[in-house]
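**Student:** Okay, handing you the structure first.
The values are calculated or read from the model by the stated rules, or taken from the named source; none is laboratory data. It should be emphasised that the depicted structure is a prediction, and the values quoted were computed from it without experimental measurement. Note that we place each Cβ from the backbone using ideal geometry, even for glycine, and neighbour counts take in every protein chain shown. Heads up: the accessible areas ignore ligands, DNA and RNA and are worked out on the full protein's heavy atoms, side chains in. Shrake-Rupley method; radii C 1.70, N 1.55, O 1.52, S 1.80 Å.
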Amino acid sequence: MVIRTFAQLDMAMVERPPLRPAVAGADDPATLTALANALAAGRIAGAVLAGDAEAIKRLLPEQLVGKVVIRRARDATEAAALSVAAIRAGEADVLVKGSVDSAAYLRAVVSRETGLRASEVLSNITLAEMPSVPRLIGATDNGILVLPTLDQKRAILRNAVPLFAGLSVSPLRVAAIAASEKVHPSQPATTDAAALRDEWAMGGGSVLVDGPFGYDVALSPAAAAKKGFAASPVAGQADLILFPSIEAGNATVKAWKLHGQARTASIVMGARVPVLLNSRADGTEQRRLGLLLAAAVLAGQGAIQ
């Protein structure tokens, strides 16, 4: 069954083995509450918690007592390193950001000697559920790569495959966004979109890319038809929007939340395991949904191996 809502994803993940998170900077109330809720729901089996040990013990919800391993860390860098080490040792299968800063967290992930890098780049995907779109819609990259090159866009698309495989979305329909639907050498977003469209041959394969498209053409069948793209297998029915810059992707996702009544969850792809890069503004619900995305990624990795 193709998963179109977070509720459907929640139900589908009931059949999956519970996650084993490693948390960098676990002295964070929102993260610990999300873990306690996930444990109660059977979504996690326990966790490795790295950070200020005394603060973690003080904040630890009763449900997690006896279910977690606490690793003492002197600072954010050590907390991130200990969490990544837990993944490499097989003690955990998803990495979670708690109170540590993003820079220290990602440095530990991409370290060539001790990190978790599996792709040429790390990329962020935000998945949204909102009343105006009859499916889960993804945005990438809206959090890591400032102005991705064509090669980086290729990697971003490859990174996205396990998540959507875990959602049973096949083929994955990707709209490459630009300010114009015409290819102009002076607008790299349009030439990159055309190159990706040609490489991911339209009409076949597990990933279909088309563009350059305006945002309206990507999501509105009416706009796609009016602008002459009714025959496209992607226009008006995109599952994932590939943005040309971090500003475009970040602003769009924030608009979904502010104006589109969207529920969202984000995940970093391109590492050996799912990586959750929670914002300071994220609440318990977004962190819970992030864990569901991590479970979907692991399911997708298993399906395509």
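**Student:** For the stretch 142-261, which fully contained helices (runs of 4 or more DSSP H) count at least 3 residues that are within 30 Å of Met1 (Cβ to Cβ) and open to solvent by less than 20 Å² (accessible area, probe 1.4 Å)? Show your work before the answer.
**Tutor:** Values: elements: 150-166, 188-199, 215-219, 221-226, 246-259.
Ranges flagged: 150-166, 246-259.
**Student:** For the stretch 256-271, which positions are under 19 Å from Arg117 (Cα atoms) and either touching a helix residue (DSSP H, G or I) at 6+ places or on another chain (Cβ under 7 Å) or without any contact (Cβ under 8 Å) to a residue 12 or more places away in the chain (or both)?
**Tutor:** Filtering the stretch 256-271 down to residues under 19 Å from Arg117 (Cα atoms) leaves 266-271.
If the condition is that a residue be under 19 Å from Arg117 (Cα atoms) and either touching a helix residue (DSSP H, G or I) at 6+ places or on another chain (Cβ under 7 Å) or without any contact (Cβ under 8 Å) to a residue 12 or more places away in the chain (or both), then Ser266, Ile267, Met269, Gly270, Ala271 are the ones that fit.
**Student:** Additional query: Out of the residues in the stretch 89-113 that are under 23 Å from Arg43 (Cβ atoms) and either part of a helix (DSSP H, G or I) or charged (D, E, K, R) (or both), state the one that is most open to solvent (accessible area, probe 1.4 Å).
**Tutor:** So in the stretch 89-113, the residues under 23 Å from Arg43 (Cβ atoms) come out as 89-100, 105, 109.
Filter again for either part of a helix (DSSP H, G or I) or charged (D, E, K, R) (or both), leaving 91, 93, 97, 105, 109.
Numbers: Glu91: 77, Asp93: 28, Lys97: 11, Tyr105: 1, Val109: 0 Å².
Here the answer is Glu91.
**Student:** Okay, moving on. Ala30 versus (1) loosely packed, with under 15 Cβ neighbours inside 10 Å; (2) in a helix (DSSP H, G or I); (3) at pLDDT below 95: which is the lone unmet condition?
**Tutor:** Of everything listed in (1) loosely packed, with under 15 Cβ neighbours inside 10 Å; (2) in a helix (DSSP H, G or I); (3) at pLDDT below 95, Ala30 misses just condition (1).
**Student:** Of everything in the stretch 262-290, what is assigned to a loop (DSSP other than H, G, I, E, B), buried (at least 17 other Cβ atoms within 10 Å of the Cβ) and either at pLDDT below 95 or under 13 Å from the mean Cα position of the chain (by Cα) (or both)? Give them in sequence order.
**Tutor:** The answer is Gly270, Val273, Pro274, Leu277, Asn278, Asp282.
**Student:** Would you check if there is a residue in the stretch 138-145 being of a type outside the set (Lys, Arg), touching an Asp or Glu at 6+ places or on another chain (Cβ under 9 Å) and farther than 14 Å from Asn278 by Cα?
**Tutor:** Yes, the conditions are met somewhere in the stretch 138-145.
**Student:** Oh, and also: Do the conditions hold for Asp141, that is, is it among the acidic types (Asp, Glu) and over 15 Å from the mean Cα position of the chain (by Cα)?
**Tutor:** no
**Student:** Using the structure shown, decide if Leu59 is at pLDDT 95 or above, surrounded by 24 or more Cβ atoms within 10 Å (Cβ to Cβ) and out of contact with any Gly (no Cβ under 8 Å at 6 or more places or on another chain).
**Tutor:** no
**Student:** So, in the stretch 33-88, exactly how many residues are among the charged types (D, E, K, R), touching a helix residue (DSSP H, G or I) at 6+ places or on another chain (Cβ under 7 Å) and either under 19 Å from Gln286 (Cβ atoms) or outside any loop (DSSP other than H, G, I, E, B) (or both)?
**Tutor:** Of the residues in the stretch 33-88, the ones among the charged types (D, E, K, R) are 43, 52, 54, 57-58, 62, 67, 71-72, 74-75, 78, 88.
Next cut, touching a helix residue (DSSP H, G or I) at 6+ places or on another chain (Cβ under 7 Å) only: 43, 67, 71-72.
After this cut, where a residue has to be either under 19 Å from Gln286 (Cβ atoms) or outside any loop (DSSP other than H, G, I, E, B) (or both) as well, the list is 43, 71-72.
Result for the stretch 33-88: 3.
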